[in-house]
Amino acid sequence: MEIEESYHGNILKTLPLDEIPKVTNSERLVLFGGDRELLTYYLGIREAAAKIRQDGGQCFCDPRDDKMTTRLKAEGWRPRVLVKDLKNEGDDPDLGLVGKQTALDEDTKKLDSDTDSENEERSKNRLEGEKENKMESFVCGVQGCSAQFTSLASHESHYHTSHNFVCHVCRRAFVSNFLLDVHLEENHDSYFKVLSPQMDMYRCLVESCILKFRTSDLRKDHLVTVHKFPAPFSFHGPINHKPQKAKSSKKKSREKANKNRNNCSAMDMERPEATIHEPAASPSALNPEKTTTYSPSQQPTSTSTAAMDVEPCTEVSAENAAPLQDKGRHSNRGKKWSQRSRGRGGRVPATICFGRGSQRAFQHQRGGRGRHWHQTQHMDVDTTVDIEKVDFADLAESLEG
Amino acid sequence: MAGEEHRKLYKKSGKDTFEIQLAVKDSLLSGQRRERERLLTRKRLKVESLNEATCKLSAEKEQLRVEGATKLLKSGQKVEALTALHQCFARDSKNAETFIKCEGLPLLHSCLLSTNSSVLHAAAWCSINLTAADSHAVQKALRLSPFLIQFLSGSDSTMQELCAWAIGNLAGDSQSNKETLLGQGVIPHLLNLVSTPHHVMVETRTQSVLHALINLARDTTYKCCRCMLENSLFSSLKILLKEVPESSQLCQEIGWLTSCVYSREEIFSEILNANQCGTILHLVVDKLLHLSCLPQDESKEKMMIPYLLCCGNMIGLSTELALLASDLPMFLPAMKACLSSSSNAILLDTVWTLSNFCAEPSCRALVVSQSELMSRLLSLCNEADIHFELLSEVLSLMEGMVRVSCVMNRLLIKQGTLENLSHLLKNSKSTVADKILSIMEILLQDLDLPQQPPGALSYVRESLQYLTTISFDIKLVERTKAVMELFPLSTSSV
């Protein structure tokens with residue numbers, strides 16, 4: 001890019017910073033070879049040219065030299081200023097200006113350029129170096145981590161990756177302090193949970209962006225449309241890579257179902273004596289997999305955003321199921337009679353009959369097998385009896401006889 | 001007969017024993033043939049260990065390699081697979097396309113989410129070479145950018161270095177990539193890694209960060225540069241220019257970054273940056289002087305050129321900076337040192353810088369008054385192996401030198417400029433003779449005869465005479481005669 005005029009307006013209206021050293025008068029005199037006359041002449045040109053510039057004019061020579069001024073006007077000569085545009089210039093590998101750099105293995109590079117004898121020497125040196133640097137293996141030990149290492153560098157890398165930005169609540173590891181901050185705020189902060197439905201609390205995941213959003217979906221839209229993030233992105237996977245068993249997904253769905261049930265029928269949890277006790281302990285009834293009641297405090301917390309989403313740790317511990325087992329919680333309430341009868345097993349086929357004329361044994365009666373009146377009748381039945389009003393005549397007759 | 005016909009209708013006819021034997025033999029032979037071909041193919045495609053492979057593999061082999069490594073990645077042997085892929089991408093950039101076609105990008109993405117540091121490092125190395133591939137593949141690889149950016153603000157310096165490298169490759173691919181990375185907030189993270197002297201001392205990481213910043217600074221829209229300046233690039237550059245020694249290879253990258261940012265016209269339109277430019281110019285000139293003192297080798301030229309470019313551009317874009325340069329104690333010594341270099345590229349850029357500097361008349365007067373500088377410029381012209389481009393540039397500079405004032409022209413004559421030009425005139429081509437004659441014409445017009453010693457101009461006159469005899473260019477001869485007429489009559493007899 002060639003510029004005919006190199007003069008811009010006075011952009012340096014303020015003095016340059018004090019830290020810039022300037023040449024002193026004595027140093028300038030040395031520059032001019034001790035010629036004071038020449039130095040004075042130079043300072044004169046400088047002053048005269050500055051004055052013309054201040055007045056908005058241009059000068060390409062000594063303004064005090066009329067002969068030269070006339071000559072230049074006649075020639076139309078102007079000083080040539082050339083600016084080299086680096087942004088549009090292509091790569092110049094010879095000068096070290098390249099757009100892309102490939103990473104080559106050191107071994108490959110060296111093998112390409114060196115001779116065999118040099119390679120042997122290098123490999124010998126490498127082996128000797130390895131022997132010197134070889135350490136006994138040591139365990140990480142941070143927060144019970146049992147990873148083993150033979151070098152400090154590898155341990156350091158492991159530490160930075162796995163132990164540095166770790167959530168103390170759910171043990172998830174994050175890449176940076178910012179992401180950990182966001183995770184803690186959105187998943188383990190009750191203040192956030194209270195305020196998030198009412199105001200924009202979800203921070204943009206680009207640290208320099210100060211915007212906040214009402215929901216994680218809105219945030220994701222913003223990231224994709226404004227910051228051009230890829231649509232299917234997530235910033236971390238789960239720490240615990242154990243394969244999720246099928247029952248956990250079933251448990252999740254039951255949790256959700258029971259959540260609603262628990263919310264609307266809290267009295268079910270508050271009246272343990274109201275649950276039905278089954279004398280026959282069939283495995284299905286006591287199967288912890290089928291126990292679906294949870295205390296409100298054990299309800300799993302919702303995960304924050306699609307970007308931060310990780311499979312939550314929703315493994316149900318046996319401790320939760322145990323007290324329910326002890327109290328004989330059953331799982332058949334609410335089931336239809338046909339399901340219950342199937343649940344009994346049907347050990348004796350209905351076609352078998354014991355004794356002529358006798359009623360079929362083991363025949364299931366309507367209303368369920370082995371149910372007493374207090375199991376079938378409504379709980380509101382009053383069972384109190386006044387002893388004074390009871391007639392003991394039949395009892396007396398039987399005793400006399 | 002009828003029974004046979006009936007049988008044929010309803011029952012399948014069995015084969016003869018002979019037919020069966022033939023069929024078995026055929027199947028055996030075809031099986032053996034297939035096995036032999038398979039073994040031969042394997043032998044042909046067998047590649048020795050990658051470390052010993054000094055030549056590129058064929059396209060077929062490369063494809064098989066990449067597909068095999070991708071399968072290995074899917075199966076869970078991540079470190080081995082990523083290492084193989086990293087080497088494949090280094091050998092041939094087309095392997096990146098194959099990898100993407102095999103749906104390897106989601107696998108690479110999942111590796112970047114791993115909590116295993118070995119896998120992370122291997123994935124980062126792989127990303128570097130993937131992002132150095134062809135533009136089409138790099139556009140797909142841009143999806144990795146948010147994850148690479150997040151690692152910059154982590155604590156693992158190895159990952160920071162590798163991710164900065166990969167981001168630099170992404171930025172260097174296209175303008176759209178630069179804008180995307182800018183929108184994803186990469187610049188504050190990069191600048192944070194060179195914000196203190198402590199950070200800068202990690203040389204490999206700083207080199208990668210500078211590579212990324214340079215590529216971002218070369219954007220055509222100035223947005224990246226503005227973002228850098230708003231995020232304290234100035235203070236980072238001050239630290240880099242002051243703290244990094246001249247012997248470090250980082251000097252080259254620092255020079256390019258300074259040049260790419262402060263050589264832009266937009267910088268000077270923002271008054272906020274005005275004071276910064278003076279400091280940067282001072283630091284650049286200082287660095288240039290120190291670099292010129294290094295022993296001559298290939299790296300010296302590579303390190304000096306970006307600083308010369310920065311200096312020349314800044315001085316050319318602002319007269320105030322040219323005046324500031326004239327007040328810097330080390331500017332003229334730096335120019336002298338650069339002119340003593342044997343590298344043609346350095347000489348060209350130095351002369352160009354001086355041309356921009358001499359746009360201001362007082363600066364021109366300053367240069368003319370430096371006899372050492374002038375004699376070096378003229379001696380350059382008379383060197384036998386001088387490049388034509390350099391000669392032309394020096395003569396253009398001289399054309400400006402003789403247009404300051406008559407006082408300065410007399411000084412030039414006193415320094416022996418006429419004799420030097422005459423010598424050049426004898427040995428030069430006709431294309432530059434015109435320029436030399438125009439310079440001589442102006443000097444002769446300002447010649448102060450009483451002050452000239454007797455016989456001082458005889459050599460000049462002889463040279464002009466010689467030119468008229470050897471030249472076949474009629475216009476040049478006429479021009480020469482016109483210049484000779486400028487000699488006063490009293491000198492013609494000398």
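Quick notes on this one:
- Yes/no for B:Val367 being among the β-branched types (Val, Ile, Thr) and within 8 Å of another protein chain (Cβ to nearest Cβ): no
- When B:Lys336 is tested against the conditions (1) touching an Asp or Glu at 6+ places or on another chain (Cβ under 8 Å); (2) farther than 25 Å from A:Gly33 by Cβ, the lone failure is (2).
- Whichever residue in region B:377-420 is among the basic types (Lys, Arg) and part of a helix (DSSP H, G or I) and, among such residues, is farthest from A:Thr70 (Cα to Cα): B:Lys414
- Residues in region B:387-416 that are within 35 Å of the chain's Cα centre (by Cα), crowded, with 21+ Cβ neighbours inside 10 Å and either facing another protein chain (nearest Cβ under 8 Å) or at positive phi (or both): B:Gly400 alone.
- Count of residues meeting criterion [surrounded by fewer than 14 Cβ atoms within 10 Å (Cβ to Cβ) and among the hydrophobic types (A, V, I, L, M, F, W, C)] in region A:175-210: 4
- Members of region B:367-386 found to be among the acidic types (Asp, Glu) and either buried (at least 18 other Cβ atoms within 10 Å of the Cβ) or in contact (Cβ under 8 Å) with a residue 24 or more places away in the chain (or both), listed by number: B:Glu372
- Within region B:132-166, the residues that satisfy the criterion of being of a type outside the set (A, V, I, L, M, F, W, C) and more than 7 Å from every other protein chain (Cβ to nearest Cβ) are B:Asp134, B:Ser135, B:His136, B:Gln139, B:Lys140, B:Ser145, B:Ser157, B:Gln160, B:Glu161.
- With respect to being of a type in the set (Asp, Glu) and closer than 24 Å to B:Pro188 by Cβ, B:Glu103 falls outside the description.
- Some residue of region B:250-262 being surrounded by fewer than 21 Cβ atoms within 10 Å (Cβ to Cβ), more than 27 Å from B:Asp385 (Cα to Cα) and either touching a residue at least 60 places away in the same chain (Cβ under 8 Å) or β-branched (Val, Ile, Thr) (or both): no
- Of the helices (runs of 4 or more DSSP H) that lie entirely inside region B:184-269, those containing 1 or more residues that are within 12 Å of another protein chain (Cβ to nearest Cβ) span B:186-192, B:203-217, B:223-230, B:233-243, B:250-262, B:265-268.
- Selected residue [more than 25 Å from A:Asn164 (Cβ to Cβ) and not in a helix (DSSP H, G or I)] from B:Ala133, B:Ala137, B:Ala141: B:Ala133
- Looking only at region B:313-325, residues that are more than 7 Å from chain A (Cβ to nearest Cβ), surrounded by 23 or more Cβ atoms within 10 Å (Cβ to Cβ) and within 21 Å of A:Tyr41 (Cα to Cα) come to 2 in all.
- Residue in region B:296-304 that is of a type in the set (A, V, I, L, M) and either closer than 28 Å to A:Cys209 by Cβ or surrounded by fewer than 24 Cβ atoms within 10 Å (Cβ to Cβ) (or both) present: no
- Residue within region B:100-110 that is over 21 Å from the mean Cα position of the chain (by Cα), polar (S, T, N, Q), farther than 26 Å from A:Leu97 by Cβ and surrounded by fewer than 18 Cβ atoms within 10 Å (Cβ to Cβ) present: yes
- Under the condition of being loosely packed, with under 15 Cβ neighbours inside 10 Å and without any contact (Cβ under 8 Å) to a residue 24 or more places away in the chain, the residues counted in region A:148-174 number 7.
- Number of residues in region B:301-342 that are touching a Phe, Trp or Tyr at 6+ places or on another chain (Cβ under 7 Å) and closer than 13 Å to A:Leu86 by Cβ: the value is 5.
- Of all the residues in region B:330-366, those that are in a loop (DSSP other than H, G, I, E, B) and surrounded by fewer than 21 Cβ atoms within 10 Å (Cβ to Cβ) number 5.
- For region B:114-137, residues that are surrounded by fewer than 17 Cβ atoms within 10 Å (Cβ to Cβ) and touching a His at 6+ places or on another chain (Cβ under 9 Å) total 1.
- Residue list for region A:73-86, filter: within 16 Å of B:Ser396 (Cα to Cα), surrounded by 14 or more Cβ atoms within 10 Å (Cβ to Cβ) and among the charged types (D, E, K, R): A:Arg78, A:Arg80
- Here B:Ala81 meets each of (1) without any contact (Cβ under 8 Å) to a residue 24 or more places away in the chain; (2) surrounded by fewer than 17 Cβ atoms within 10 Å (Cβ to Cβ) with one exception, condition (2).
- Residue ID - surrounded by the most Cβ atoms within 10 Å (Cβ to Cβ), chosen from residues in region A:36-72 that are facing chain B (nearest Cβ under 8 Å) and among the acidic types (Asp, Glu): A:Asp62
Each value in this text was obtained by applying a stated rule to the coordinates, not by laboratory testing. Being a predicted model, the structure only gives us computed values, none of them experimental. Cβ coordinates were reconstructed from backbone atoms using ideal geometry, including for glycine residues, and neighbour counts include every protein chain displayed.
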